[in-house]
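Below: one structure, written as structure tokens.
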Amino acid sequence: MLRVAAQAAFVTGVGVVFALWQSPAAGPDSGAGYRTLSSGVVSAPANGVVVFAPGVDRAAASAIAAGAGGQLLGGPNAAGAWKLTLPAGRRNAALAALRADRRVVLAQPLDGPQP
């Protein structure tokens, strides 16, 4: 009986380790604050999200974001949303410029209202 309990505990422990290892929370895009010195240049955090119309490719998306003063950080995700960094003092104007572009379906801040 003790042997079965020990085997069950071992299998459970292996399962927990595997689940933690597969967890996306520790990935490079998790927002974790720890970075090594060799991890390269740290970009500004995302403060906006944009969804482009179907057919807009990565180069066009990057050009649209740059035209509004922003920079794409990653995407698109499964919903078609791209994270981007917008200039802090001009965030609202940059979002308005994105919304005015017919190739943009949605442009919203990620960091709440700006005064």
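The values are calculated or read from the model by the stated rules, or taken from the named source; none is laboratory data. Small disclaimer: the values here were computed from a predicted structure and weren't measured. No Cβ is skipped: glycine too gets one built from the backbone with ideal geometry, and neighbour counts run over all protein chains shown.
Structure summary
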| item | result |
| --- | --- |
| Single condition residue 112 does not satisfy, out of (1) at pLDDT 95 or above; (2) surrounded by fewer than 15 Cβ atoms within 10 Å (Cβ to Cβ) | (1) |
| Scan of the range 62-82 for residues that are assigned to a helix (DSSP H, G or I) and within 13 Å of residue 95 (Cα to Cα), ordered by number | 64, 65, 66, 67 |
| Scan of the range 83-115 for residues that are in contact (Cβ under 8 Å) with a residue 12 or more places away in the chain and assigned to a helix (DSSP H, G or I), ordered by number | 88, 90, 91, 92, 93, 94, 95, 97, 98 |
